[in-house]
Amino acid sequence: MIPEWRLAGPTDAATLAEWNHQLIRDEGHRNPMTVAELETRMRGWLAAEYTAVVFSEDGGPVGYALFRSQPGELYLRQFFVRRDRRRVGIGRACFHVLREQVWPRDVRLTVDVLCQNAGGVAFWRSMGYSDYCLSLEIMPPSLPPG
């Protein structure tokens with residue numbers, strides 16, 4: 001099944017923030033922001049440089065993509081599929097919708113994936129992305145690793 005899609009607007013910010021909060025936990029990110037803080041950030045992004053697409057299946061929302069277009073590049077910042085809809089091909093179908101119906105074809109596509117998110121790394125490689133760089137860090141003693 002091909003998911004339906006629509007551009008997100010300001011009224012979607014609360015839902016996107018809740019999903020972003022789940023995404024942060026699911027991928028093991030150390031971002032400590034609350035849902036309210038994420039909603040404020042999301043509203044700012046949507047009002048400025050980012051575009052979000054909300055995907056639906058059978059009339060209900062299943063996920064979203066948040067991205068920014070720059071000359072010659074499209075950066076995918078967030079891609080989320082609801083937990084109860086994962087591992088059934090929805091993410092793959094949503095990505096194909098982005099490639100075929102939403103994004104321009106003549107730009108470089110980039111996405112960042114946390115190294116410890118093995119499932120995310122495997123998913124993006126299966127979508128055609130290839131390794132380009134690896135960011136390394138030394139954390140100060142007062143912060144937890146990873």
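Where a number appears in this text, it was derived from the coordinates with a stated rule and is not lab data. Nothing here was measured: the structure is a model prediction, and the numbers come from that model. For neighbour counting, all protein chains shown are included, and Cβ atoms are generated from backbone atoms with ideal geometry for every residue, glycine included.
Here are some notes:
- Phi-based couplings in Hz for the stretch 88-96 (Karplus 6.51, -1.76, 1.60; Gly and Pro marked x): 10, x, 5, x, 4, 5, 5, 5, 5
- With the biggest extent put first, the Cα atoms of the chain measure 48, 34, 33 Å across the principal axes.
- Packing-based order for 71-80, 125-134, using average beta carbon neighbours within 10 Å, highest first: 71-80, 125-134
- Cα-based shape type of the stretch 4-90, given that a ≥ b ≥ c are square roots of the gyration tensor eigenvalues and the cut on a/c is 1.5: rounded
- Percentage relative contact order, the chain, counting C-alpha pairs under 8 Å, at least six apart: 22
- Residue-wise HN-Hα coupling along the stretch 21-27, computed from phi with Karplus coefficients 6.51, -1.76, 1.60 (Hz; x: Gly, Pro): 4, 5, 4, 4, 5, 5, 8
- For the peptides 48-56, 85-93, the ranking by packing is 48-56, 85-93, with the highest mean count of neighbouring Cβ atoms within 10 Å listed first.
- Built amide H within the under 5 Å cut-off of residue 78, gap 5+: 66
- Cβ crowding within 10 Å, taken as a proxy for footprinting-reagent exposure, orders 19, 45 from fewest neighbours to most as 45, 19.
- Across the stretch 65-80, rounded Karplus estimates of 3J(HN,Hα) from the backbone phi angles (6.51 cos²θ - 1.76 cosθ + 1.60, θ = phi - 60°) give 10, 10, 8, 10, 9, 10, x, x, 8, 10, 9, 8, 7, 9, 9, 9 Hz, Gly and Pro being marked x.
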